[in-house]
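Take a look at the structure set out below.
The values are calculated or read from the model by the stated rules, or taken from the named source; none is laboratory data. What you see is a predicted model; the values in this text were computed from it and never measured. Cβ sites come from the backbone with ideal geometry, for glycine too, and all protein chains shown count toward neighbours.
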Amino acid sequence: MRELILVGTHSQGQGCRVLDEHHAHFNQWAWHRSLSSYTRDSLGGVRRTEDINGRKVTFYLAREVLIFVGCLPTPERPIVDHVNFDQLEARPGYLRWLSHDESSAHKLLQRNSTTGYKGVSWHRQHRKYQACASYRGQYRSIGLFTCPIKAAQAYDAFMREHYPYCATYNFPEIGEQSCIDGQIRCI
């Protein structure tokens with residue numbers, strides 16, 4: 001493993017991990033991080049911009065690495081996912097292609113969550129906790145519950161049934177990834 005040293009305001013000399021055999025190829029360009037397009041207060045992926053025929057084109061390192069090793073996106077799975085949520089990880093074993101729904105399932109708990117559980121919110125009208133998830137491009141209600149823990153357990157059960165290989169969970173079982181910190185439960 002070697003590191004590509006990043007340039008730019010938000011990179012401040014950070015390094016992005018790539019395989020030794022990929023370093024020379026990807027080191028020919030200047031890579032940087034910028035603010036996330038989603039939150040604007042956290043750093044996004046590693047990328048570079050190039051002017052091609054008068055148009056600015058953005059190349060994302062994770063995507064370029066997967067294509068470089070011959071792992072191509074499909075119309076069903078166009079999104080690159082960092083398995084361990086580390087945007088500075090660009091080794092193929094830590095990257096994969098996901099669909100939009102799978103990518104939605106593989107997210108951490110949002111910082112502004114009022115319940116403390118992924119997929120659970122307070123339903124004002126019914127005065128209960130609602131478990132919801134995205135499935136086949138639609139936002140689906142899993143159910144209403146009097147307790148947020150029961151709603152979180154229902155959300156986890158839904159994820160285990162529909163996204164067993166890529167979801168993060170409120171109450172991870174052994175080998176599953178936590179939605180709190182992204183760690184895989186070992187014990």
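Summary of computed values
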| quantity | calculated |
| --- | --- |
| Subset of the range 3-29 that is among the hydrophobic types (A, V, I, L, M, F, W, C) and over 12 Å from A90 (Cα atoms) - its residue that is nearest to the chain's Cα centre (by Cα) | L6 |
| Condition check for Y129: part of a loop (DSSP other than H, G, I, E, B), farther than 30 Å from L72 by Cβ and modelled with pLDDT of 95 or more | no |
| Elements of type strands (runs of 3 or more DSSP E) in the range 40-98, at least 3 residues being within 16 Å of the chain's Cα centre (by Cα) | 43-52, 79-82, 95-98 |
| Members of the range 141-158 that are small (G, A, S) and either under 12 Å from K128 (Cβ atoms) or crowded, with 16+ Cβ neighbours inside 10 Å (or both) | S141, G143, A151, A152, A154 |
| Check on G54, surrounded by fewer than 16 Cβ atoms within 10 Å (Cβ to Cβ), of a type in the set (G, A, S) and modelled with pLDDT of 90 or more | yes |
| Residue list for the range 159-187, restricted to those being part of a helix (DSSP H, G or I) and buried (at least 20 other Cβ atoms within 10 Å of the Cβ) | M159 |
| Test: residue in the range 83-90 that is surrounded by 11 or more Cβ atoms within 10 Å (Cβ to Cβ), at pLDDT below 95 and among the charged types (D, E, K, R) | yes |
